[in-house]
Amino acid sequence: MEDVTLLIFGASGDLTARKLIPALYQLHCNGFLPERSVIIGVARREKSDDAFRGEMRDAVAEHRAREFTEERWSEFARRLRYVQVNLEDPAEFPRLHDQVEAIEKDAGLPGQRIVYLATAPALFTPSVEALAQANMIPPLDEADRLRVVFEKPFGHDLASAQELSHSLSRVLREKQIYRIDHYLGKETVQNLLLFRFGNSIFEPMFNRNQVDHVQITVAETQGIEGSRGGYYDQSGGALRDVLQNHVLQLLCLVAMEPPASFQAEYIRNEKLKVLQALGPGRSGAVSEWAVAGQYAAAAVNGQRVRAYLDEDRIPPDSRRETFVALEARIDNWRWAGVPFYLRTGKRMPARVTEIAIQFKLPPLNLFSTVECEGTMCDLVEARPNTLVFHIQPRESITLSFSAKRPGMQYQVQPVDMEFNYQQTFDVEMPEAYERLLLDVIRGDSTLFTRSDELEAAWRFCEPMLEAWSSKDHHPELYAAGGWGPKAAHQLLARSGRHWRVPDLPDGGS
Ligand code: BG6
């Protein structure tokens, strides 16, 4: 791998301290960072290299406490530099250019650069344009010498996403643009592709003949506490913040066709086709197939949790959703008629991300099904087979099926077969940002979102954004610590289905 100069714009921010520098430290410790590569923090505040190193040291000691040693840190810290630049002022970029060149010369670096925009989205286009004005964008035939990484949000609706892509395309080529969706960096998410396309026995079951429906849940226990409130309320909400990106990316991986080869463009093409075939699960108004919820005050584990409307920087009359559930369909040959139920929310009972594929029941129910606790058994309805990808926190894959309960009768008891990452591999799961940063350094864009995928995802969300921006719309309240509003349950109940209650042996959160 070639040595790189990695510039982090927005180096004073939370993302840099919490995720980026700890991930780079870990890559360094594991020997993945090219030998002479340098990391330059860029931000508005005046600061020396040493002051920046000191701040980052504390951040790594906090966020990588187990791996942190002073010895490794001082080796890594040699790579860190700081350049003070007001990113809002293009006139300061030529100085940035000079300083970066001087650092590269000093370190003997070839000028292979990565710019990571860990900044407010309002600075995306101006920063890229200022880079161009300062001659920091290489000519087309040398486009590979620069990669630019963007953190979400990429727009706040279809029109703004298109506008952003358009303005970036005036300066950068698509292959230089790396849009991060950190969910794709999670080990368990990547394993989805391997599970489906690296084994021969499961893939034939992933279709409308075998599958009754699919459920994807991204639930969080945290609310919108602290300083995040204002931004979340103005530009976020569960739909924009998590569903449009993380949940739809999970959906793509579970529903896509096998790619012709395991290369970025082939995989992204297949994901795009899923998004293009994605539509509302029911015809009619948005309320027929999607539900917006907002958490209300409640006692959670004996503690009073405040309502979204009482959080800091949230207007008392906010109509912003902190929960979304919906029924979608994928109108293609494989999935026609199979409902995909998606939900995500804040202040749920547990932090859990999972994808559950529920298969059809056997055509005849020949046996009586029992559910037993200790020696007590109850007759229950037959249970369908379910394949669950537990993305977090308990990283595992479970297949539930029916087994004969020992005894003189044919009694069926649902049982589980589980593959658990920790038990099988006994290794620390790498953090999503480690994998994704390494991929940018390697120039591998497989796990990054392409502009057409992004637009197709926004297109699917548009009707909800529109309906929920109306003054007459009010999200349905749900008690903090619960699984969402009533309407979310009715969404499934009307077809005789119900949301899974994720099984969390340790209580979960
Ligand atoms: C982020 C959202 O993209 O993902 C946050 O902005 C959310 O609101 C987070 O909490 C969830 O990520 P993870 O990895 O903790 O599941």
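Provide, for q = 0.14, 0.15, 0.23 Å⁻¹, the log10 of I(q)/I(0) from a solvent-free Debye sum over equal Cα point scatterers in segment 170-292.
-0.82, -0.92, -1.52
Summing +1 for each Lys or Arg and -1 for each Asp or Glu, what net charge is found among the other residues whose Cβ lies under 12 Å from the Cβ of Ile39?
Once positives and negatives cancel, what remains is +4.
Distance between Cα centroids, segment 47-78 to segment 141-210: provide it in whole Å.
Between the Cα centres of segment 47-78 and segment 141-210 lies a distance of 31 Å.
Mind checking which of Gly185, Ser495, Ile267 is farthest towards the positive end of the chain's charge dipole, using Cβ charges of +1 (Lys, Arg) and -1 (Asp, Glu) about the Cα centre?
The listed residue farthest towards the positive side: Ser495.
Using the 10 angstrom Cβ neighbour count as an exposure proxy, how do Arg208, Arg64 rank, fewest first?
Arg208, Arg64
Where does each of Ser127, Ser451 land when they are ranked from fewest to most other beta-carbon atoms within 10 angstrom? List each step's numbers first, then the result.
On the way: Ser127 22, Ser451 18.
By the 10 Å Cβ count, ascending, the order reads Ser451, Ser127.
In whole Hz, with x marking every Gly and Pro, tabulate ³J(HN,Hα) for segment 262-273 from phi via Karplus 6.51 cos²θ - 1.76 cosθ + 1.60, θ = phi - 60°.
8, 10, 3, 5, 5, 5, 5, 4, 5, 5, 4, 4
Please report the net charge: other residues with Cβ closer than 15 Å to the Cβ of Leu492, K and R +1, D and E -1.
+4
What order, most packed first, do the peptides 157-169, 210-222 have when packing is the mean number of other Cβ atoms within 10 Å of each residue?
So the peptides 157-169, 210-222, ranked by packing, come out 210-222, 157-169.
Using only helices, what value at 222 nm comes out for the chain when you add -39,500 (n - 2.57) per DSSP H run of length 4 or more and divide by the total residues, to the nearest 500 deg cm²/dmol?
Numbers: 14 runs with 151 residues, N = 509.
Result for the chain: -9000 deg cm²/dmol, rounded to the nearest 500.
Using unit Cβ charges (K, R positive; D, E negative) and no other charged atoms, how large, in debye to the nearest 20, is the dipole of the chain about its Cα centre?
Details: 58 positive and 71 negative charges, 200 e Å.
The calculation lands at about 960 debye.
Which is farthest toward the positive dipole end of segment 326-443 among Gln413, Ala336, Leu364, measuring Cα position about the Cα centre, with Cβ charges +1 (Lys, Arg) and -1 (Asp, Glu)?
The Cα lying farthest towards the positive end belongs to Ala336.
Among Ala382, Val171, Leu278, pick out the residue whose Cα is farthest towards the positive end of the charge dipole of the chain, where Lys and Arg carry +1 and Asp and Glu carry -1 on C-beta, about the Cα centre.
Ala382
Using C-alpha positions alone, give me the convex hull volume of segment 36-101 per residue in cubic angstrom.
Convex hull of Cα atoms, per residue: 89 Å³.
By count of other Cβ within 10 Å, fewest leading, how are Thr69, Thr188 ordered?
Values: Thr69 10, Thr188 21.
Least crowded to most crowded, the residues run Thr69, Thr188.
What Kirkwood hydrodynamic radius do you get for the chain when you take the inverse of the mean 1/r over all pairs of distinct Cα atoms, in Å?
By the Kirkwood definition, the hydrodynamic radius is 24.7 Å.
Over segment 6-122, what relative contact order in percent results from Cα pairs under 8 Å that are six or more residues apart? Don't jump to the answer; show the numbers that get you there.
Details: 139 pairs, mean separation 47.5, N = 117.
Result for segment 6-122 is 41 percent.
Given H placed on each backbone N at 1.01 Å, which residues far from Tyr82 in sequence or on other chains put an amide H within less than 5 Å of it?
Close amide H contacts, sequence-distant or interchain: Gly41, Asp49.
If the cut-off is 21 Å between C-alpha atoms, which lysines fall inside it for Lys360, apart from same-chain ones fewer than 8 positions away?
Qualifying lysines at Cα under 21 Å: Lys404.
For the chain, what does the relative contact order come out to in percent, with C-alpha contacts under 8 Å and a separation of six or more?
Numbers: 914 pairs, mean separation 86.5, N = 509.
It rounds to 17 percent for the chain.
Where a number appears in this text, it was derived from the coordinates with a stated rule and is not lab data. Every value quoted in this text rests on a predicted model; they were computed, and no experiment measured them. Every residue, glycine as well, gets a Cβ built from its backbone with ideal geometry; the counts of neighbours run over all protein chains shown.
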